[in-house]
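The values are calculated or read from the model by the stated rules, or taken from the named source; none is laboratory data. Bear in mind that the values here come from a model prediction, so they are computed numbers and not experimental data. Backbone-built Cβ (ideal geometry, glycine too); neighbour counts: all protein chains shown. The accessibility values were calculated without ligands, DNA or RNA, using every heavy atom of the protein model including side chains. Shrake-Rupley method; radii C 1.70, N 1.55, O 1.52, S 1.80 Å.
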Amino acid sequence: IDVGMQDLAEHAVIDELKEINGEMGVAILMEVKTGDVKAIVNMQRAADGSYHEMVNNAISYRCEPGSVFKVASFLVALDDGVVDTSYVIHTGSGVVDMHGRWMKDHNWRRGGYQDINVARALEVSSNIGVSHVIDRFYGSNPKKYVEGLYRVGIHEDLKIPLIGYQAPWIRIPDTKTTDRSKYWSKTTLPWMSIGYETQIAPINTVAFYNAIANNGKMMQPRFVKKLVKDGQVVREFEPVVLKQQIAKPHAIKTMQTILEHVVSQGL
């Protein structure tokens, strides 16, 4: 942990929580090459309205990740070669019928995005753009899509040696189960593709994005470099590579460019 970075991250999270009157906020800052966690913040609102560190939600709070998951979906599609960045999606006025349910973009009241390509779909975080691609190319074989998610590392068990860590939960298609939480319907795939119907802790999202920044190499988050007693190093912990390459180099490079554009010319 870098004390300076930790202090800045804590203030940033608290300021944001106060502004939106949020209940809980997490921030994790990871060094790309080593996986070193330089800052990790878990702020939760107390009964008196103040914010304090109470639970390590960054590693234990599994939840539907939402739009940050779209990158994993498109990385699978790019890695499989079913689309490239020039593939055009007709998003219309921002509302489409997806197997009997309405899929909407955030700007549907303002007319939607009309025709946009794959790169632009991520830049503006288009629900329709992402779900259309995944449903069209994996609808007849959703298992291939989920296996792709496992392959690109968003499902990776990080094996973090801290109490409370929960590995991701992304289910394989199953239409025969009587367990409603596991049942796979026609709408499961498009909604999963935009970050719903899965359970992922924030630390896994960070590790996945870090792997993209690290040219495809996924690192285990490292919290401790060495143990020292009486001035002597008792044990050292080297950086651990969990996956040497989460996707083909071309797919990674393409995604790096898209993610840069998300910041420079997207939302």
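Checking each residue of the range 22-37 against the condition of being within 30 Å of Ala119 (Cα to Cα), small (Gly, Ala, Ser), surrounded by 14 or more Cβ atoms within 10 Å (Cβ to Cβ) and in contact with an Asp or Glu (Cβ under 9 Å, 6 or more places away or on another chain) gives at least one match. Looking only at the range 38-66, filter to residues that are out of contact with any helix residue (DSSP H, G or I) (no Cβ under 8 Å at 6 or more places or on another chain) and closer than 30 Å to Phe137 by Cα; which one of those is least open to solvent (accessible area, probe 1.4 Å)? By that ranking, first place goes to Gly66. Residues that are in a helix (DSSP H, G or I) and farther than 23 Å from Lys38 by Cβ were ranked within the range 7-21; the one that is least open to solvent (accessible area, probe 1.4 Å) is Ile20. Screening Thr187 against (1) out of contact with any helix residue (DSSP H, G or I) (no Cβ under 9 Å at 6 or more places or on another chain); (2) open to solvent by 30 Å² or more (accessible area, probe 1.4 Å); (3) in contact (Cβ under 8 Å) with a residue 12 or more places away in the chain leaves a single unmet condition, (2).
Candidates in the range 197-225 are the residues that are closer than 14 Å to Ile154 by Cβ and either in a loop (DSSP other than H, G, I, E, B) or modelled with pLDDT under 95 (or both); of these, the one that is most open to solvent (accessible area, probe 1.4 Å) is Glu197.
Evaluate the range 67-78: report whether one residue or more is of a type outside the set (D, E, K, R) and either surrounded by fewer than 13 Cβ atoms within 10 Å (Cβ to Cβ) or free of Cβ contacts under 8 Å to residues at least 60 places away in the same chain (or both).
For the range 67-78, residues of a type outside the set (D, E, K, R) and either surrounded by fewer than 13 Cβ atoms within 10 Å (Cβ to Cβ) or free of Cβ contacts under 8 Å to residues at least 60 places away in the same chain (or both): absent.
The residue that is modelled with the lowest pLDDT, among those in the range 177-196 that are touching a Phe, Trp or Tyr at 6+ places or on another chain (Cβ under 9 Å) and not in a helix (DSSP H, G or I), is Thr177. In this structure, Lys159 does satisfy being in contact with a strand residue (DSSP E or B) (Cβ under 9 Å, 6 or more places away or on another chain), closer than 27 Å to Tyr209 by Cβ and open to solvent by 50 Å² or more (accessible area, probe 1.4 Å).
Would you call Lys33 among the basic types (Lys, Arg) and assigned to a loop (DSSP other than H, G, I, E, B)?
yes
In the range 112-124, the residues that are on the phi < 0 side of the Ramachandran plot form Cβ pairs under 9 Å with partners that are assigned to a strand (DSSP E or B) and open to solvent by 10 Å² or more (accessible area, probe 1.4 Å), at six or more places apart or across chains, as follows: Asp115/Val88; Asp115/His90; Ile116/Val88; Ile116/His90; Asn117/Val88; Val118/Val88; Glu123/Ile116; Val124/Ile116.
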